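Participant: First the structure, which I've put down as structure tokens, then a few questions once you've had a look.
The values are calculated or read from the model by the stated rules, or taken from the named source; none is laboratory data. In this text, all values refer to a predicted model and were calculated from it rather than measured experimentally. Note that we place each Cβ from the backbone using ideal geometry, even for glycine, and neighbour counts take in every protein chain shown.
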Amino acid sequence: MNERGGVGNFEGDAIVSRLRQVIERFGESRFTRWESAAAKIDEHGPRTIDRLGFRKTMEHGLGDSLHTTNTYYVLPESWRSEIFRGMNINAVNKELLQRGVIEPGNDGKASSLVRLPGLGTQRCYIVKTIPGLAESEARAA
């Protein structure tokens, strides 16, 4: 146990850490901004090169309690072959579902059917929350 460094779920933590790293590093540049309720992208925004998916920003609250949250819609091929390359994707999905990081589809699968801007209805992974991301953003500020 001491050789391992403790009793934590290291594989699960590594999965979350990898996703957090991708969002921190590429959250602005590789996720196309999706600003409206309709499946339409911002035509005036910068072009997304080597897209991983889409990023939707929502405002919550009023006045001093106004804050925003980002939801990431990750395309399946990017999820498998880039973000979690070399990892067992079934184990990744199971871990992220258990932790509440991704939103399951209506059919119980890890991916959901979503009408994406410019792509129509497709399966994608909906990332609602990333443990530790808010804390790391607060430290950077």
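Participant: Within region 72-88, count every residue that is over 15 Å from the mean Cα position of the chain (by Cα) and of a type in the set (A, V, I, L, M).
Facilitator: So the count comes out to 1.
Participant: Among the numbered criteria (1) over 20 Å from L19 (Cα atoms); (2) of a type in the set (A, V, I, L, M); (3) in contact with a Ser or Thr (Cβ under 9 Å, 6 or more places away or on another chain), which one does L62 miss?
Facilitator: (3)
Participant: Then there's this: Within region 83-100, is even one residue β-branched (V, I, T), touching a helix residue (DSSP H, G or I) at 6+ places or on another chain (Cβ under 7 Å) and without any contact (Cβ under 8 Å) to a residue 24 or more places away in the chain?
Facilitator: yes
Participant: Can you confirm whether T69 is loosely packed, with under 15 Cβ neighbours inside 10 Å and modelled with pLDDT under 95?
Facilitator: Judged against the criteria, T69 is a match.
Participant: Count, please, the residues in region 4-61 that happen to be touching a Pro at 6+ places or on another chain (Cβ under 7 Å) and at pLDDT below 70.
Facilitator: Selection size over region 4-61: 3.
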